[in-house]
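I have placed the structure first, in the form of structure tokens, so that the comments after it can refer back to it.
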Amino acid sequence: MMVSKEKVPYFLKFSLASLRIRKGWTQDEAAKKLGMTRDTLRRYEKDCSQLDYQTIEKIEKVYNIPQDYIFFGKSTAFSVILEKEDPT
């Protein structure tokens, strides 16, 4: 899929878990579609900050969403927004 040149705001990005849930898939179903084990998917849903590009491309195709709209981090995109807004 094509990556845009403009940066997508965090509030428009989806975590891997939210993409799976939006499809109505269990971790087992999504893992099978992605060609990985459920344990691997579970780890990626908790922290997908170190994914290789081949896996990112699989995720794009399976969930039918450009990588710009996927949050690749150690938490959810929402938690990143909160951290940035926290004055402490």
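If I model a spin label at Val62 and Thr40 as a point 7 Å from the Cα along the Cα→Cβ vector, what separation in nanometres do I get?
The modelled label-to-label distance comes out at 0.9 nm.
Starting from the residue with the highest accessible area, list Arg43, Arg22 in decreasing order, probe 1.4 Å.
Values: Arg43 145, Arg22 170 Å².
Highest to lowest solvent-accessible surface, that is Arg22, Arg43.
Lys and Arg at +1, Asp and Glu at -1: add these up for the other residues within a Cβ distance under 11 Å of Lys33 and post the number.
Values: positive: Arg20, Lys23, Lys32, Lys58, Lys61; negative: Asp28, Glu29.
Summing Lys/Arg as +1 and Asp/Glu as -1 gives +3.
The values are calculated or read from the model by the stated rules, or taken from the named source; none is laboratory data. Worth saying up front: this structure is predicted, and the values here are computed from it rather than measured. Note: ideal-geometry Cβ built from the backbone for every residue, glycine included; neighbour counts use all protein chains shown. Ligands, DNA and RNA are stripped out before the accessible areas are found, and what is left, the full protein with its side chains, is counted by its heavy atoms. Shrake-Rupley method; radii C 1.70, N 1.55, O 1.52, S 1.80 Å.
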